[in-house]
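Since the structure comes first, as structure tokens, the remarks are kept for the end.
The values are calculated or read from the model by the stated rules, or taken from the named source; none is laboratory data. Just so you know, these numbers come straight off a predicted model, no measurement behind them. Methodologically, a virtual Cβ is constructed for each residue, glycine included, from the backbone with ideal geometry; neighbour enumeration extends over all protein chains shown.
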Amino acid sequence: MSKIRLKIAGLSYSQTRQGAYALILEEKDGNRRLPVIIGTTEAQSIAIYLEELKPFRPLTHDLFVSMANSFHIEIIEVNIINLEEGIFYSEIICKREHAKIRIDSRTSDAIALAIRFKAPIFVKEEIMGKAGMLFTEEGERKTGVTETPEEDKEKELTDYSENELKAMMQDAIDNEDYEMASIIRDELNKR
């Protein structure tokens, strides 16, 4: 399995899905990014750790770390292994003494734990090829699309040709609107 190492590039509120956040993962040695839509709780857990804040009481991911450490279990890596209908599937690779254990996990939880264990995060090359977006430093390009609310954009995507969608996706990437880019990517993948 060919895999690519990722790092966290950013976390932002999703303009397209209420109560959700976009976790932007980036190739460690490349210029592709992978947007993953995650829930509020997981986003908060990731942000608190990245900002080096100490919550008054342990969060769920912190509790898991304490339990794992108590039983001499370490997370050695996290792998994003599948993508189905816009949902990423991940596994956590744990080690206890000489045994390696694979645990099925939501990607957001796996990443929240990986950063706490300082474990590497990987994605299969085929998933990055399908869902990743090339990030360039080019200037903004106009496609002639009029601005409408995000919900209307999503409903209208079926009206655009594949070339128009690719241009719109590149504009979204250039403007760092990764939520919209991921919606356009999903529409392209449906075709």
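At-a-glance table
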{"item": "Any strands (runs of 3 or more DSSP E) falling wholly within region 54-166 and containing at least 1 residues that are among the acidic types (Asp, Glu) and at pLDDT below 95", "result": "74-84"}
{"item": "Only listed residue being closer than 27 Å to Met180 by Cβ, free of Cβ contacts under 8 Å to residues at least 24 places away in the same chain and surrounded by fewer than 21 Cβ atoms within 10 Å (Cβ to Cβ), chosen from Glu91, Glu51, Glu27", "result": "Glu51"}
{"item": "Residues within region 1-24 that are under 14 Å from Asp177 (Cα atoms) and under 14 Å from the mean Cα position of the chain (by Cα), tallied", "result": "10"}
{"item": "Single residue of Ala9, Ala20, Ala68 found to be in contact with a Leu (Cβ under 8 Å, 6 or more places away or on another chain) and of a type in the set (Gly, Ala, Ser)", "result": "Ala9"}
{"item": "Some residue of region 86-109 being closer than 25 Å to Gln170 by Cα, assigned by TED's automatic domain parsing to the domain that holds Glu125 and of a type in the set (A, V, I, L, M, F, W, C)", "result": "yes"}
